[in-house]
Amino acid sequence: MTDRYLELVNSGLTQKLSKQLGLPRPAVLRRHRPGQPLLDGPALVLGDGPDADAVARLLSSPAGGATPTGDGPAVLDGWDVEVHRHATPDVRYAAVVLVLTAVEHPDDLTAPVLAAASTLKGLRPGARVVTVSHPALDSDAPAVAAARQGVDGFLRSVAKELRNGATGNGVVVAPGVPVTAASVVAALRFFLSARSAFVDGQLLEVDSDAGELPTDWEKPLAGKVAVVTGAARGIGASIADVLARDGATVVAVDVPAAGEQLAQVANRVRGTALQLDVTAPDAGDRILAHAKARHGRLDVVVHNAGITRDKLLANMSDDRWASVLAVNIAAQLRINEALLTSGDFVDAPRIVSLASTSGIAGNRGQTNYAASKGGVIGMVRATAPLLAPFGGTANAVAPGFIETEMTARIPAVTRQVARRLNSLQQGGQPVDVAEAVAFLASPAAGGIVGRTLRVCGQNMVGR
């Protein structure tokens, strides 16, 4: 679905006219292209202490060069970024990284935050502001908890102030986990990169030092076999494309009625197609049997299949309620149980499920859909510990307004309003969801467990 308004305010005479009239001008977002540099300009790393030094070294060390890591696990390559440790006037930064793990009092935020403030008006289009911090715990001293929770409020607020496609996100590192742990490094890279174009205002927790960095950041899923349900079109097809681009062998799954489109996707990604109703009692067994027979293993399952049957609750019929719950959550539970009890899904497996911002903040007319998507968030939280003994993870991605065939059917005025209700003032693309799924499916994300990452441009609903 094309956002005609976004095109008009970014091209030719209409761009000039929109400036003169002071109209909102959503930016064309910088999205990932294979081979592009991580950043298109210098980065500013702010903060004191060994963690800030380690992050600066990681960014600035040359690719292929060893990076000092202190007590953390080895980091194979630096990222060859020009790094400044102090804000330099007239320099237009592509990224500002605030390493705030050492803060112990709200006063400790003052120096790094105000240093970052001095750079904001000159940030490059599509720039990134990323915080690295610790969570506020009940066991913390009051001043420490205040400082750490303050990072949360600061990050979410500054993200709403950024312009020109810039985003703000945070990596929240559990106590005892080094900032050089694989998942911290991978999350930092994801937020800095163009892969996170429509992720904004999010703080992602890293729970442990598990995970394994890739030898090639362009192929983080090399050697993995991934199943994607609902893969015939829209977000599911885009997930299949991105997982294949990142090196995975993809099994594309969808209902028999979508067989022709499913075959096209499977052929495009050089994978295989499996026509299957995910609500079938034996769906999990058939998925596993297909993956093992055709590809020898199964490493990643992406639960993307979903339906909507919107109606106000007062007018909700039994079949509308039951069908949405059956496809969107009951099928996932049944498939997961089959995989977890099979004994063949135990080599650092990954489960990534599609939730929704409706499951977090609710949405009028979507009680059934919101119940199912809220259920997904609860499911991954409870499933993650079951996968932990095998080095596995379960996480969710919660899209906001994404340009799909489904949102194209929304009445025009309502659709325009929905697009603008986020900090980036536009709808996301299916590829934006796919990039987040690919990140959570990667071996490097092994320390992120039971979490839900929103892909919504910092929609003005929920957290």
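With the condition kept exactly as written, say whether any residue in region 169-181 is farther than 24 Å from Arg420 by Cα, small (Gly, Ala, Ser) and in contact with an Asp or Glu (Cβ under 6 Å, 6 or more places away or on another chain). Within region 169-181 (the criterion being farther than 24 Å from Arg420 by Cα, small (Gly, Ala, Ser) and in contact with an Asp or Glu (Cβ under 6 Å, 6 or more places away or on another chain)), the answer is yes, since at least one residue qualifies.
Within region 380-389, the set of residues being touching a helix residue (DSSP H, G or I) at 6+ places or on another chain (Cβ under 9 Å) and open to solvent by 10 Å² or more (accessible area, probe 1.4 Å) comprises Thr383, Leu386. Which residues, taken from region 361-387, are assigned to a helix (DSSP H, G or I) and modelled with pLDDT under 95? Hit for region 361-387 is Ala361, nothing else.
From the list Ala116, Ala127, the lone residue that is touching a Phe, Trp or Tyr at 6+ places or on another chain (Cβ under 9 Å), among the hydrophobic types (A, V, I, L, M, F, W, C) and either open to solvent by less than 20 Å² (accessible area, probe 1.4 Å) or at pLDDT below 95 (or both) is Ala127. Being open to solvent by 10 Å² or more (accessible area, probe 1.4 Å), of a type in the set (Gly, Ala, Ser) and in contact (Cβ under 8 Å) with a residue 24 or more places away in the chain holds for only one residue in Ala146, Ala186, and it is Ala146. Annotation: Asn336 fulfils all but one of (1) among the polar types (S, T, N, Q); (2) farther than 15 Å from Val455 by Cβ; (3) open to solvent by 40 Å² or more (accessible area, probe 1.4 Å); the unmet one is (3).
Residue-wise test of (1) closer than 26 Å to Leu221 by Cβ; (2) among the aliphatic types (A, V, I, L, M).
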site: Pro281; (1), (2): no, no
site: Ala291; (1), (2): yes, yes
site: Arg294; (1), (2): yes, no
site: Leu298; (1), (2): yes, yes
site: Asn315; (1), (2): no, no
site: Ala322; (1), (2): no, yes
site: Gly343; (1), (2): yes, no
site: Arg350; (1), (2): yes, no
site: Ser356; (1), (2): yes, no
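In this entry, Arg364 passes the filter for residues that are of a type in the set (Lys, Arg) and open to solvent by 50 Å² or more (accessible area, probe 1.4 Å).
Are any of the residues in region 402-422 closer than 19 Å to Gln202 by Cα, touching an Asp or Glu at 6+ places or on another chain (Cβ under 8 Å) and outside any helix (DSSP H, G or I)? Yes - at least one qualifying residue is present in region 402-422.
Of all residues in region 130-143, which are farther than 21 Å from Gly450 by Cβ and open to solvent by less than 10 Å² (accessible area, probe 1.4 Å)?
If the condition is that a residue be farther than 21 Å from Gly450 by Cβ and open to solvent by less than 10 Å² (accessible area, probe 1.4 Å), then Val130, Thr131 are the ones that fit.
The condition of being part of a helix (DSSP H, G or I) and either under 25 Å from the mean Cα position of the chain (by Cα) or without any contact (Cβ under 8 Å) to a residue 40 or more places away in the chain (or both) does not hold for Leu39.
Could you check, for region 350-359, whether at least one of its residues is in contact (Cβ under 8 Å) with a residue 40 or more places away in the chain, open to solvent by 40 Å² or more (accessible area, probe 1.4 Å) and not acidic (Asp, Glu)? Checked region 350-359: no residue is in contact (Cβ under 8 Å) with a residue 40 or more places away in the chain, open to solvent by 40 Å² or more (accessible area, probe 1.4 Å) and not acidic (Asp, Glu).
Here is the figure for region 194-216: residues that are in contact (Cβ under 8 Å) with a residue 60 or more places away in the chain and open to solvent by 10 Å² or more (accessible area, probe 1.4 Å) total 13. Tallying residues that are of a type in the set (Val, Ile, Thr), open to solvent by less than 10 Å² (accessible area, probe 1.4 Å) and not in a helix (DSSP H, G or I) within region 426-449 yields 1. Taken together, the residues in region 263-285 that are over 27 Å from Ala436 (Cβ atoms) and in a helix (DSSP H, G or I) amount to 1. Of the residues Thr167, Thr110, Thr119, the single one that is more than 22 Å from the chain's Cα centre (by Cα), within 30 Å of Pro24 (Cβ to Cβ) and of a type in the set (Val, Ile, Thr) is Thr119. Against the test of being part of a helix (DSSP H, G or I) and either of a type in the set (Val, Ile, Thr) or at pLDDT below 95 (or both), the options Val144, Val227, Val172 yield a single qualifying residue, Val144.
Scanning region 217-260 for residues that are touching an Asp or Glu at 6+ places or on another chain (Cβ under 9 Å), among the hydrophobic types (A, V, I, L, M, F, W, C) and open to solvent by 30 Å² or more (accessible area, probe 1.4 Å) yields Trp217, Ala222, Val255. Looking across region 45-64 at every residue that is touching a residue at least 60 places away in the same chain (Cβ under 8 Å) and in contact with a Ser or Thr (Cβ under 6 Å, 6 or more places away or on another chain), the one that is most open to solvent (accessible area, probe 1.4 Å) is identified as Asp51.
Scanning region 450-463 for residues that are closer than 20 Å to Asn363 by Cα and either modelled with pLDDT of 95 or more or assigned to a loop (DSSP other than H, G, I, E, B) (or both) yields Thr452, Leu453, Arg454, Val455, Cys456, Gly457, Gln458, Met460, Val461, Gly462, Arg463. Looking for something out of contact with any Leu (no Cβ under 8 Å at 6 or more places or on another chain) and of a type outside the set (D, E, K, R) - is there at least one such residue anywhere in region 160-172? No: zero hits. In region 310-318 there is at least one residue matching the filter, namely being within 24 Å of Val455 (Cβ to Cβ) and open to solvent by 10 Å² or more (accessible area, probe 1.4 Å).
The values are calculated or read from the model by the stated rules, or taken from the named source; none is laboratory data. A quick note: this is a predicted structure, and the numbers were derived from the prediction, not measured. Here Cβ is always computed from backbone atoms with ideal geometry, including for glycine, and neighbour counts include all displayed protein chains. Side chains are part of the model used for accessible areas, which takes the heavy atoms of the whole protein and leaves out ligands, DNA and RNA. Shrake-Rupley method; radii C 1.70, N 1.55, O 1.52, S 1.80 Å.
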